[in-house]
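Shown next, in structure tokens, is the structure this report addresses.
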Amino acid sequence: MPLMGHPLSFPMSVFVRSLGTLAHALLREGQSLQVFARTSQTLFLSTGGEVVWVSRGSMGHRRALLVERLPDWPEGLVLRVIGKSLVDGSGEPLFFGHAALWSPPPLPCPPADLPLRASTLALTYAQPLEPVREMLGAQRLARISKAIRARDGLGLLEVAGDLVGWGPGLTPLGDDFLGGVLFALNAAQEPWVDEERPRLMAWAQDRTSKLSLTLLSDLSQGYGPEPLHHLALALFTRSLEEAKPKVQELLSLGHTTGVALLFGALLAWSALD
């Protein structure tokens with residue numbers, strides 16, 4: 001539902017159309033935020049040890065503020081929440097008072113044939129997934145699948161832990177793949193994963209970027225980008241044909257992020273036999 005409030009009297013306000021529930025909770029009156037990174041489509045902001053972002057994309061996330069155009073905010077700029085606006089004191093304010101709140105859809109219990117359904121999707125999309133498969137290596141992937149099949153959290157951490165921080169970019173490919181694995185296991189209600197989460201996050205603390213560490217933690221708790229949630233819901237409740245558009249949405253995320261997330265999720269679900 002839309003938030004209440006009215007924009008401040010600035011002629012060039014940028015309006016937020018969708019606001020994730022965590023971002024909403026963090027945008028408290030008087031709160032300070034700082035721009036720490038930006039791309040052509042997204043501004044990343046830190047506040048009190050947390051991360052949110054302003055994006056021109058259409059993919060919801062609990063940390064995302066979705067807009068039609070980005071404010072012209074440089075890295076290092078400090079902003080403050082005044083009323084229902086993010087203000088830098090001189091430039092374009094960002095008004096979020098009319099934004100629709102976004103939260104992920106609830107997931108039912110996974111179907112008994114989830115491994116078969118996931119394996120079928122993986123075969124269907126083998127071509128776009130192949131580069132990630134080759135980079136990770138068949139031997140490593142076989143060991144990860146074996147650990148998942150055995151519900152061996154420590155074994156999974158031992159074989160996959162060195163993927164943390166592996167690869168270039170704001171969110172390295174290794175983090176995205178591992179995040180996909182952990183999201184899938186959380187969605188499938190595999191409680192053994194929770195036992196190793198603190199150990200994994202402690203291991204990852206100094207091995208990857210602040211942003212990627214935040215996203216990896218979110219994924220391990222079952223919070224991801226909107227297309228990943230929609231894929232899980234479609235795979236759990238609908239036909240494979242209905243799941244395919246959700247795969248395409250996920251594949252369009254970033255340069256390799258969506259592919260790595262998809263590959264990790266499908267590998268994990270396929271191994272739960």
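The values are calculated or read from the model by the stated rules, or taken from the named source; none is laboratory data. As the structure is a prediction and not an experimental result, all values here were calculated from the model. Don't worry about glycine lacking a Cβ; one is built from the backbone with ideal geometry, like all the others, and counts go over all protein chains shown.
Condition test on L200, is it modelled with pLDDT of 95 or more and not assigned by TED's automatic domain parsing to the domain that holds L22? Taking the combined requirement at face value, the residue does not satisfy it.
Among the residues examined, P106 qualifies as surrounded by fewer than 16 Cβ atoms within 10 Å (Cβ to Cβ), closer than 30 Å to G20 by Cβ and either in the same structural domain as S252 (by TED's automatic domain parsing) or under 22 Å from the mean Cα position of the chain (by Cα) (or both). Residue selection: F10 fails the criterion of being modelled with pLDDT of 95 or more and among the hydrophobic types (A, V, I, L, M, F, W, C). Which condition does G169 not pass, out of (1) assigned to a helix (DSSP H, G or I); (2) modelled with pLDDT under 95; (3) within 18 Å of the chain's Cα centre (by Cα); (4) of a type outside the set (F, W, Y), if it passes all the others? Condition (1) is where G169 drops out. Of all the criteria given as (1) crowded, with 23+ Cβ neighbours inside 10 Å; (2) under 16 Å from G169 (Cα atoms), the one not satisfied by K210 is (1).
With respect to (1) buried (at least 20 other Cβ atoms within 10 Å of the Cβ); (2) modelled with pLDDT of 95 or more, the lone exception for V193 is condition (2).
Could you run through the stretch 218-228 and say how many residues are in a helix (DSSP H, G or I) and hydroxyl-bearing (S, T, Y)?
1
Among the candidates L156, L231, L215, L200, the residue that is assigned to a helix (DSSP H, G or I) and under 21 Å from T120 (Cα atoms) is uniquely L231. Kindly indicate the residue of the stretch 236-273 that is among the small types (G, A, S) and either assigned to a helix (DSSP H, G or I) or in contact with an Asp or Glu (Cβ under 6 Å, 6 or more places away or on another chain) (or both) and also modelled with the lowest pLDDT among those meeting that condition. Going through the qualifying residues, I end up with A243. Among the criteria (1) under 23 Å from the mean Cα position of the chain (by Cα); (2) farther than 20 Å from S252 by Cα; (3) crowded, with 18+ Cβ neighbours inside 10 Å, the one L121 does not fulfil is (2). Checking each residue in the stretch 221-248 for being farther than 17 Å from N186 by Cα, surrounded by fewer than 21 Cβ atoms within 10 Å (Cβ to Cβ) and touching a Lys or Arg at 6+ places or on another chain (Cβ under 9 Å) picks out only L240.
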